[in-house]
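Encoded as structure tokens, the structure appears first; notes follow it.
The values are calculated or read from the model by the stated rules, or taken from the named source; none is laboratory data. Keep in mind that this is a model prediction, so the values were computed, not measured. For neighbour counting, all protein chains shown are included, and Cβ atoms are generated from backbone atoms with ideal geometry for every residue, glycine included. These area figures cover heavy atoms from the full protein model, side chains too; ligands, DNA and RNA do not enter into them. Shrake-Rupley method; radii C 1.70, N 1.55, O 1.52, S 1.80 Å.
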Amino acid sequence: MSLGRNAAVNLVGAIVSSLVGIVTVPLYLHAIGADRFGVLAIGWLFLNTFGFLDFGLTRATQYRIAANGDEDRPASARTIATAMTLCVPITVVGFALIWFAINYFFSGHFKSSEELRIEVLQSAYVIASCWPVVLFSAVLNGALLGRRRFVLVNISTVASSLLFQLVPLIVAWTLGPNLRELLIAALVGRALPMLGLVPALYVQFLRGCALHFSGKEARALLGYGQWASLTSVIATVLTMADRFLIGALLGPVAVTIYTAPLQLAQRVSMLPAALSGALFPQLPTAAPEERMNLQVRCIEILMGSLTVLIGGGLLLTAPFLDLWLGKTIGGPATPVALLLFFGAWWTALAIISFSGLQASGRPQASAAVQAAELPPFLIGLYFGAKWAGVPGAAAVYLLRSILDYALLTWQAGLLGRTLKPTLVCAGIMTLACLAGSLYRYSVPIWFLLSAAIALALVASGWWAAPAGDRARLAGRLSRFVPALSRFA
């Protein structure tokens, strides 16, 4: 299956999983109430926060399987057996830490009724029991993704999202909103799709191969995984520090003004994540020049498409926020949203280089970049929020996104090959930011400038996209618009 089709499969899986979460929120609120839903959300937050406890084993397994190639089944079987063995002590440590953290937090740091507090504490072991399922599922998925079984993994992921959300809802409707029963139902819903992957794992890796733990393989997995885990920890701090600092310095209303557009900006990551996920298994066995060409093509695809999509969003940011949030929040949120959306454009482009470094066996390079960014980012956030409020914090977010892209593409050796289209598209995006801000001052001027810049966005996006992909797209569209046939 081609890179484009694999990326499309990943994107569809991510969209469906997101929609399942969005649709079930009001159903949960109606079935179990806001207090219990809040407790469930915090429980899953604990699992996500302690995700670094996998010591990078998921990413390391995917890399090792991809590097082994399709033909070396004994090596892949050895990787799987070693990874699964390593999961056992990791699940024990993770279970203990999550159980302790939940008990500590809900014992005295969470405002709720005493009845609900007791109910949560009695259910702490169930939340912690989800950790082994999460870890083993992730490693299984990583192994299958390393063998490019994208359809199978995304079917399992969608099934997991559906069952994880729907089974507890069915329990709530039939047995009542008891937290322990809801959490057990969620655990069952998450475990069933994992068990469904076991036959595929056997067919793809284990059939006819001896299974044994390898100390050498364990060192390779943990050696790679330690850098992937460090990257995960730093990334968690980078993505959460802004809201904590804004809340501490400026208060809850400022957090709302910042978080609402940030959540939209983060949705952009689904497209580059889908593309980088499809790209990753191809890179470990690719020749150096082919590896570079694949990454450049992916960056150009994202640059061409997201310049049009995000740039168009910049032009429409102000009227959209007025409709979505109302003018009371939409007005002050407009400059914040413009900066965050532009930052999301840079972050999306950086994902390819980030993934490419890890797929090339250089996870330490991506970890070093993020570690270097962390101190100036935290200092900049503090002074940006203190001196310029929420827009100041958003401006620091944008600057970090630009620096992230520059450093990662430089480390990957791609900066020189992508610099020209990046500067051209970034220039047009800057104009779109400025035009988007004019809506608050003069709607006629905003409209005229937006029309002109929209054409420039389309032209620059088309020019930045890879020539071969432009020709294929023009060929398909020419069936509906014959004039495009000359571009095919």
Problem set entry | Among the candidates 153, 158, 171, 120, residue that is among the aliphatic types (A, V, I, L, M), under 25 Å from the mean Cα position of the chain (by Cα), surrounded by 22 or more Cβ atoms within 10 Å (Cβ to Cβ) and at negative phi | 153
For this session: Report whether or not residue 82 is at pLDDT below 80, in a helix (DSSP H, G or I) and either touching a Lys or Arg at 6+ places or on another chain (Cβ under 9 Å) or open to solvent by less than 70 Å² (accessible area, probe 1.4 Å) (or both).
Result: no
Exercise. So is residue 146 among the small types (Gly, Ala, Ser) and farther than 28 Å from residue 30 by Cα or not?
Worked result: yes
Exercise. For segment 24-34, does any single residue satisfy the condition of being in a loop (DSSP other than H, G, I, E, B), of a type outside the set (A, V, I, L, M, F, W, C) and either at pLDDT 80 or above or out of contact with any Cys (no Cβ under 7 Å at 6 or more places or on another chain) (or both)?
Worked result: no
Exercise. Is it fair to say residue 141 is under 21 Å from the mean Cα position of the chain (by Cα), more than 25 Å from residue 96 (Cα to Cα) and open to solvent by less than 50 Å² (accessible area, probe 1.4 Å)?
Worked result: no
Problem set entry | Per-region count, segment 269-293, residues out of contact with any helix residue (DSSP H, G or I) (no Cβ under 6 Å at 6 or more places or on another chain) and of a type outside the set (Gly, Ala, Ser) | 9
Exercise. Given 215, 225, which one is open to solvent by less than 40 Å² (accessible area, probe 1.4 Å), under 21 Å from the mean Cα position of the chain (by Cα), modelled with pLDDT of 85 or more and over 25 Å from residue 126 (Cα atoms)?
Worked result: 225
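Rundown of residues vs (1) basic (Lys, Arg); (2) without any contact (Cβ under 8 Å) to a residue 24 or more places away in the chain; (3) open to solvent by 50 Å² or more (accessible area, probe 1.4 Å), yes/no style:
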residue: 175; (1), (2), (3): no, yes, yes
residue: 184; (1), (2), (3): no, no, yes
residue: 193; (1), (2), (3): no, no, no
residue: 199; (1), (2), (3): no, yes, yes
residue: 206; (1), (2), (3): no, no, no
residue: 209; (1), (2), (3): no, no, no
For this session: Check whether at least one residue in segment 204-216 is within 20 Å of residue 277 (Cβ to Cβ) and touching a helix residue (DSSP H, G or I) at 6+ places or on another chain (Cβ under 9 Å), and report yes or no.
Result: yes
Exercise. Condition test on residue 390, is it within 28 Å of residue 459 (Cα to Cα), open to solvent by less than 40 Å² (accessible area, probe 1.4 Å) and in contact (Cβ under 8 Å) with a residue 12 or more places away in the chain?
Worked result: no
For this session: For segment 396-403, indicate whether the set of residues that are open to solvent by 60 Å² or more (accessible area, probe 1.4 Å), under 22 Å from residue 317 (Cα atoms), within 26 Å of the chain's Cα centre (by Cα) and modelled with pLDDT of 95 or more is non-empty.
Result: yes
For this session: Check segment 419-429 and report whether any residue there is in contact (Cβ under 8 Å) with a residue 60 or more places away in the chain and under 21 Å from residue 270 (Cβ atoms).
Result: yes
